[in-house]
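Here is the structure we will look at.
The values are calculated or read from the model by the stated rules, or taken from the named source; none is laboratory data. Note that the structure is a prediction, hence the values are computed from the model and not measured. Cβ sites come from the backbone with ideal geometry, for glycine too, and all protein chains shown count toward neighbours. Protein only, heavy atoms only, side chains kept; ligands, DNA and RNA dropped before computing areas. Shrake-Rupley method; radii C 1.70, N 1.55, O 1.52, S 1.80 Å.
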Amino acid sequence: MTTTRDIAEPGPLMAGKRGLVMGVANDRSIAWGIARVLHGQGAELAFSYQGGAFGRRAVPLAQGIGAKIIVEADVENLDSVKHVFDVIRKEWGSLDFVVHALAFSDRNELKGRYCDTTRKNFEHTMVISCFSFTEICKLASELMSRGGSLLTLTYGGSTRVVPCYNVMGVAKAALEASVRYLASDVGAQGIRVNALSAGPMRTLAGAGISDARTLFHFQQRHAPMRRSPTLDEVGGAALYLLSDMSGAVTGEVHFVDCGYSTIAMPNLSALKALEQSEELEAAAEKALREAAQ
């Protein structure tokens, strides 16, 4: 079972805790936003990155906050993933938390119809974006004898149709189901498993979605807070889920999207503006038809 500190005591929330952050792409990625907050609250961090292209950005960031464990990991290769945890076992002996920020799909298939997704891309997307978390949870739990916390990233396209999200929405739905099953599997060990769902953000991953700018601006206009979350706000939510402050929270999807997930349709002023625009468009078309007669 996990031993929790008194959260009323002053001091960094993550002091004495060690964790692995997987999936930092650059200084604007959600994974880095989370890592920065965790480091600021006293956590000692290890990092893994997927491939040399990401490494060129991720490694300097990790080194900049004093990380001593920085390992390349290809989550499509189980031996590569095992190597990360072997290094952590050798260097630290144990682990307190993991941040899983890994997702990928062929951007050419994140447009058009979902039913046009190829079998090859479906399998590729599911392994990286969903099943990798299951394998990582199993390996991490072996190093969490005192309990721990695992966190993955999801998005609202898992439960509602979002244009241009397609197979990623299906993968995120499977990921969220995995969170619930994994939480049940490892809960008796004092290990918690949760997902964090941020709204559209200006990240490298988001840029891979066709017409991402349009989706981003729509949420900004129609979320109850009329904006999108900042990296620090997402990092703060992750801090809560990874720290002892959420000691009894597991199997959950936590939304950090300025309230957008609670909205069934755009706000009333936006609906009226849309209605007026449609009326003007209809009147213009009518005038053109009459002029042509």
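Each principal axis of the Cα cloud of region 128-194 was evaluated for its coordinate range; sorted largest first, these ranges are 43, 18, 14 Å.
Once C-alpha pairs closer than 8 Å and six or more residues apart are averaged by separation and normalised to the residue number of the chain, the relative contact order reads 19 percent.
Across region 96-147, the relative contact order, built from alpha-carbon pairs under 8 Å that are at least six residues apart, equals 49 percent. Taking square-rooted eigenvalues a ≥ b ≥ c of the alpha carbon gyration tensor, is region 73-143 rounded, prolate or oblate, where a/c under 1.5 means rounded and, failing that, a/b exceeding b/c means prolate? Prolate is the answer for region 73-143, as a/c is 1.5 or above and a/b outweighs b/c. The order of the peptides 32-40, 130-138 by mean Cβ neighbours within 10 Å, most packed first, is 32-40, 130-138.
Principal axis extents of the Cα atoms in the chain, from largest to smallest and rounded to whole angstrom, are 84, 46, 37.
A dipole drawn for the chain from +1 and -1 charges on Cβ atoms has a positive end, and of Ile263, Ser178, Ser129 the residue lying farthest that way is Ser129.
Accessible surface calculations at 1.4 Å, restricted to protein heavy atoms, place the chain at 51 Å² per residue. Distance between the 7 Å Cα→Cβ label points at Asp86 and Asp74: 1.6 nm. Accessible surface ranking for His83, His124, 1.4 angstrom probe, highest first: His83, His124. Take the Cα radius of gyration of region 1-125 and divide it by 2.2 N^0.38 Å, N being the number of residues; the result is 1.23. Share of the chain's accessible area from carbon and sulfur, percent, 1.4 Å? Ligands and nucleic acids excluded, carbon and sulfur give 54 percent. When only Cα pairs below 8 angstrom with a gap of at least 6 residues are kept, region 1-146 shows a relative contact order of 25 percent. Each Lys and Arg contributes +1 and each Asp and Glu -1, all at the Cβ; summed about the Cα centre of the chain, the dipole is approximately 280 debye.
Lys-Lys pairs in region 1-139 that are eight or more residues apart or on separate chains and whose Cα atoms lie under 23 Å of each other come to 10.
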